[in-house]
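The structure appears below as structure tokens.
Read-outs: derived from the displayed coordinates by stated rules, not from any lab. This one's a predicted model, so the numbers in the text were calculated from it and none came from an experiment. Methodologically, a virtual Cβ is constructed for each residue, glycine included, from the backbone with ideal geometry; neighbour enumeration extends over all protein chains shown.
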Amino acid sequence: EGHADLQFRHRPWYTRKSQPSFADMLTTLRRKSWEDQLKPVSLKPTPQNNSLDLLTFLASLAG
């Protein structure tokens, strides 16, 4: 069920990767956690949402 939110980063060297690694799932968990924390901040679509999406993505990559 947790795989539904999985998003692989663009990795040209993983052309045939079909199953997530532990690191992929951990990154997804971090991203979802950040999204859940930041979503209440902005309820309507704004240009800042793109910045929040980028911030969420980058924060999820931090170990």
*Could you give the length gained on full extension between Leu61 and Tyr14, defined as 0.36 nm per residue of separation minus the Cα-Cα distance, in nm?*
15.2 nm
*When Lys and Arg each count +1 and Asp and Glu each count -1, what net charge do the other residues less than 13 Å away from Ala59, Cβ to Cβ, add up to?*
0
